[in-house]
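This report concerns only the one structure given below.
The values are calculated or read from the model by the stated rules, or taken from the named source; none is laboratory data. Treat the numbers as computed from the prediction; the structure is a model and nothing was measured. Note that each Cβ is placed from the backbone with ideal geometry, even for glycine, and that neighbours are counted across all protein chains shown. All accessible areas refer to the heavy atoms of the entire protein, side chains included, with ligands and DNA or RNA removed. Shrake-Rupley method; radii C 1.70, N 1.55, O 1.52, S 1.80 Å.
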Amino acid sequence: MKIKRIDTLVCHARMRNWEFVKVVTDQPGLIGWGEATLEWHTRSIVGAVEDLAELLLGEDPTRPEHLWQMMYRQHFWHGHGIVRATAIAGIDLALWDVVGKVAGLPLAKVFGGPVRDFVRTYCHLGGGRMEDFYETSVDNAKRFADLARAAVADGFTAFKSMAVPSTLPIEGLKPVKAAEAAVEAMREAVGPEIDIMVDCHARPSPAMGLKFGKALDAYGLYFFEEPCWPECVDGLAKINAALTTPVATGERVTHLEAFKALFDQRACEICQLDLTHCGGFTAARRVAALAESHRIALAPHNPQGPVSTAASLEFGFSQPSYIICETVHNDVPWRQDVVQEGFTVEKKGRIVRPNTRLGLGITINEKAGKKHPFQQELAQRVFYSDGAAGDW
């Protein structure tokens, strides 16, 4: 069996372009699907997949570990830059999809069999609608409460909000009090039994991240996400040590050595590795083993397309330290037109039962996907009160 071709399918979904990767084998009808979505870098990803494909044509697709080593170590530059790591991930997921189909098993069984009966999921406020999640002003506490109630009415027992505004490296109490009011409103709206996450999007400095974290600690957050840049490992560690709320990070980390630095300094309690950015299943399984040795939980970053979701869930059924999966379901109304999935979602609690189909269990409707060709993603720009550029 050999790899005959590696194709890409770009599908515009407003906030991001889904970048699907298809590995075509020389066996009739045997293909694998992956995803390499990287917002605002779609054209770079298409080119990177084409570059990597040159290494793999004619190779055996049922050797994903060997092929991952080729993609990561050859072409001189190691594959841990975000563009190449994402392209490697998309191909790797597709290779493992082929392996599952050849084995006649869902991938969770290829990885050793399910370790749980279901995977819990959480949503973004607004279900993935960009305007609700990213553009609701932190000064509008009532809107946060209304969106929180809507998430619970939709069956979720956990949801994530962006209740921390962009700030200068040091600011006073005003933004902190605004964040506290928004979180207080959400907690009052949904009660103590619903889990609330707050995502800082790595916008604060370590000093401001600590201020926000301490102000929100009393509200029993499930986790406090990216309170400062992931490069500031010592800052993350300081914040994590100071709070009772667990710190979550890792979505922007692309290689094992960087995860090791986070874990060794106890910079987080929850690892948010992204299957589509950290090198796919082959790399993620190593990260998961390292996290387990530190008793750090897994809650993958997954605001992308349907193949990323299938992969994140399949991974969840195979990993003991996995606690919850990020999902979006309301980003575009035609999402389900593009994909058929092997897993099932129970609306009460929004829990997912295992995939029963082979490999990732998904089928992509390429004709439906092509109805939404590439468009440049919507620009997201942040400037501080003094006009300086900030982090989105």
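Just a few scattered comments:
- Any chance Gly81 is out of contact with any helix residue (DSSP H, G or I) (no Cβ under 8 Å at 6 or more places or on another chain) and farther than 25 Å from Pro320 by Cβ: yes
- The residue that is nearest to the chain's Cα centre (by Cα), counting only those in the range 188-241 that are over 30 Å from Ala153 (Cβ atoms) and small (Gly, Ala, Ser), is Ala202.
- Restricting the search to strands (runs of 3 or more DSSP E) fully inside the range 265-382 and requiring at least 1 residues that are surrounded by 20 or more Cβ atoms within 10 Å (Cβ to Cβ) and either within 14 Å of the chain's Cα centre (by Cα) or not polar (S, T, N, Q) (or both) gives 325-327, 351-353.
- Trp77 falls short on exactly one of the conditions (1) modelled with pLDDT under 95; (2) of a type in the set (Phe, Trp, Tyr); (3) touching a strand residue (DSSP E or B) at 6+ places or on another chain (Cβ under 8 Å), and that condition is (3).
- Residues of the range 22-51 that turn out to be open to solvent by 20 Å² or more (accessible area, probe 1.4 Å), aliphatic (A, V, I, L, M) and within 22 Å of Phe315 (Cβ to Cβ), as a count: 1
- If the condition is being among the aliphatic types (A, V, I, L, M), in contact with a strand residue (DSSP E or B) (Cβ under 8 Å, 6 or more places away or on another chain) and closer than 20 Å to His277 by Cα, then the range 14-51 contributes Val21, Val23, Ala36, Leu38, Ile45, Val46, Val49.
- Odd one out for Val247, checked against (1) open to solvent by 10 Å² or more (accessible area, probe 1.4 Å); (2) within 24 Å of Thr136 (Cβ to Cβ): (1)
- The set of residues in the range 254-264 being assigned to a helix (DSSP H, G or I), open to solvent by 20 Å² or more (accessible area, probe 1.4 Å) and out of contact with any Lys or Arg (no Cβ under 6 Å at 6 or more places or on another chain) consists of Glu257, Ala258, Lys260, Ala261, Asp264.
- Test: residue in the range 201-217 that is part of a helix (DSSP H, G or I) and within 21 Å of Thr121 (Cβ to Cβ): no
- When the residues of the range 200-225 are filtered to those that are touching a Pro at 6+ places or on another chain (Cβ under 9 Å) and in contact (Cβ under 8 Å) with a residue 40 or more places away in the chain, the one that is farthest from Ser161 (Cα to Cα) is Met208.
- Flag for Glu231 being open to solvent by 50 Å² or more (accessible area, probe 1.4 Å) and either assigned to a loop (DSSP other than H, G, I, E, B) or without any contact (Cβ under 8 Å) to a residue 12 or more places away in the chain (or both): yes
- Positions within the range 80-98 being out of contact with any strand residue (DSSP E or B) (no Cβ under 9 Å at 6 or more places or on another chain) and either open to solvent by 10 Å² or more (accessible area, probe 1.4 Å) or not in a helix (DSSP H, G or I) (or both), in sequence order: His80, Gly81, Ile82, Val83, Arg84
- For the range 1-21, filtered to residues that are crowded, with 20+ Cβ neighbours inside 10 Å and under 12 Å from Leu95 (Cα atoms), the residue that is nearest to the chain's Cα centre (by Cα) is Val21.
- Pair list, Cβ < 7 Å and 6+ apart or interchain, from the range 374-386 residues that are farther than 14 Å from Thr37 by Cα to residues that are of a type in the set (D, E, K, R): Leu378/Arg14; Val382/Asp391
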